[in-house]
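Below is one structure; the comments refer to it alone.
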Amino acid sequence: MSRRVALVIGAGSVKCAAALGLLKVLEREGIGIDMVVGCSGGSLYATFIGLGVDVASAEEMTRRLWTRELTKRRHYPSLLRAMLPQLFPFQESFGLVDDRLILQRLETAFGKHNFEDARIPLYLTATDFHTGEQKVFSSGRLVDAIRASIAIPYVFRPWKVDGHLYVDGFLTDPMPVGVAIKNGADVIVTLGFESPYQHRTTSVLRFAFQLSSIMSNNLLRANYAFHNLAHHTEILPIIPQFRESIHLFDTDKIPYVIEEGERAAEQQLPYLRRLLATTEI
Amino acid sequence: MEVRVEKRGSVAIVSIDGSVDGTSAPDLVSSLRQQVTAGTVQLVADFAGTDYTSSAGLRALLEMVKETRQHGGDLRLASVRREVLRVLELSGFTSILQVYPDVDSAVASFPA
């Protein structure tokens, strides 16, 4: 019985493009993926891979989709509700950035597709705002699932799907290995990143980001440790080493990010080959 | 994976070359357990030649850390390469395992 291989792409904004480098190596070696799981920034690349978009097209689509303009326009109703709650009652659908542009771009890229169109079973994660539980999307509109999965706290407003309000998937698990375990993966290849810390805390937003990074990085380690010990076979972390710092909208660095993903995957390739060659589970 | 054992006083230094993974972890556990069974419970795993550890490797390390500590000893790591250290950090293992920059300091950390 052949081993079921899962690819799990965790949170990490543009760094998640390293998944395309990893995919290049797997394709070149003829190593098939049986399922793909994505969270936050990783949900975009999981979707590309799930839909069978080739590496060059995925790179080009990222450049068109993920640019600095996305955060240029403020969401003034949210600002007013935060600053003057007695005049403008606060609403839980809070986010400082006007999300119309990101939504428009997601519609252009994925609007025609549902999960059912994926060539490889695809799972995208978000977090239920009211219960704090992980939500795993595996059917319905891809745009809704991606928009929910990338609802970065304070930046993009939570997203409503079927009457439930969702925030970014990293809030429950920045690298959702558990989804792959639950869906029967034997070998799990992971690609995920810790959230960067602020060099200088010069604004309320940076202060909030710093707290968010501290919490999510500790959550990542705790969950990853648990899954490593709980899973019966293998979890292979692919950890690209970036010599250059990669920021949220550094899409011009995508070729470099892909290259580092490819390099990191090649380092683990001998072991992955050996593992897949053994038939016993 | 290749395992070599050297005794230094009451401490056994177990040098591991290659990957600690699903295919090699049972051999590592077996080598370390031989020492514990023979009464040596102060162990240093020299990771200078270890280029990779997977989840199976982590489980093997945890198993032997628990076993040595149950017998009043410990399993401590030395000379861990940067890429392996990243995996140990990411999985929270650096909070439960003692990691030393070299074998000498790991050996010296045990009471004489």
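Any read-out appearing in this document is the output of simple, stated calculations on the displayed coordinates, not a laboratory observation. Owing to the predicted nature of the structure, the values given are computational and were not obtained by experimental measurement. Cβ atoms come from the backbone with ideal geometry, glycine included; neighbour counts cover every protein chain shown.
For this structure, a couple of remarks:
- Long hydrophobic helices in chain A, taken as whole DSSP H segments with a C-alpha length of 20 Å or more on their own axis and mean Kyte-Doolittle hydropathy at least 0.0: A:204-230.
- Farthest towards the positive end of the charge dipole of chain A, among the residues A:Leu191, A:Thr71, A:Ile239, is the Cα of A:Thr71, using unit charges on the Cβ of Lys, Arg, Asp and Glu.
- Seen from A:Glu92, the other residues with C-beta closer than 14 Å to its C-beta sum to a net charge of +2, counting Lys and Arg as +1 and Asp and Glu as -1.
- Helix B:25-37 and the longest principal axis of the Cα set of chain B meet at an angle near 10°.
- Alpha-carbon centroids, segment A:18-80 and segment A:201-251: separation in whole Å: 17
- Within segment A:215-281, trypsin sites (Lys or Arg not before Pro) in DSSP loop having at most 10 other beta-carbon neighbours inside 10 Å: A:Arg243
- Every helix of 4 or more DSSP H residues in chain A counts as -39500 (n - 2.57), and over all residues that averages to -13000 deg cm²/dmol at 222 nm.
- Relative contact order (%) - segment A:7-103, alpha-carbon pairs under 8 angstrom, separation at least six: 24
- Partner lysines whose Cα lies under 26 Å from the Cα of A:Lys160, excluding those fewer than 8 positions away in the same chain, are identified as A:Lys72, A:Lys112, A:Lys135, A:Lys182.
- Using the Karplus relation 6.51 cos²θ - 1.76 cosθ + 1.60 with θ = phi - 60°, the per-residue 3J(HN,Hα) values for segment A:239-245 come to 10, x, 9, 8, 7, 9, 7 Hz, with x marking Gly and Pro.
- Other residues lying with their Cβ under 12 Å from the Cβ of B:Gln42 contribute a combined charge of +3, Lys and Arg counting +1, Asp and Glu -1.
- The phi torsions of segment B:77-85, fed into the Karplus equation with coefficients 6.51, -1.76 and 1.60 and a -60° offset, translate into couplings of 9, 9, 6, 7, 5, 4, 5, 6, 4 Hz, rounded to whole numbers, with Gly and Pro shown as x.
- Rounded to whole numbers, the Karplus 3J(HN,Hα) couplings from phi for segment B:49-66 are x, 8, 9, 7, 9, 9, 4, 5, x, 5, 5, 5, 4, 4, 4, 7, 5, 5 Hz, using 6.51 cos²θ - 1.76 cosθ + 1.60 with θ = phi - 60°, and x at Gly and Pro.
- Descending by average beta-carbon neighbour count within 10 Å, the peptides A:26-34, A:44-52 line up as A:44-52, A:26-34, the highest first.
- Packing-based exposure ordering (other Cβ within 10 Å, fewest first) of A:Lys15, A:Lys72: A:Lys72, A:Lys15
- GNM result for chain A, Cα springs below 10 Å: residue of A:Pro89, A:Pro77, A:Pro240 fluctuating most strongly: A:Pro89
- Shape call, chain B: gyration tensor on alpha carbons, a/c limit 1.5: rounded
- Electrostatic tally near A:Arg243: other residues with Cβ closer than 12 Å to its Cβ, Lys and Arg +1, Asp and Glu -1, net -1.
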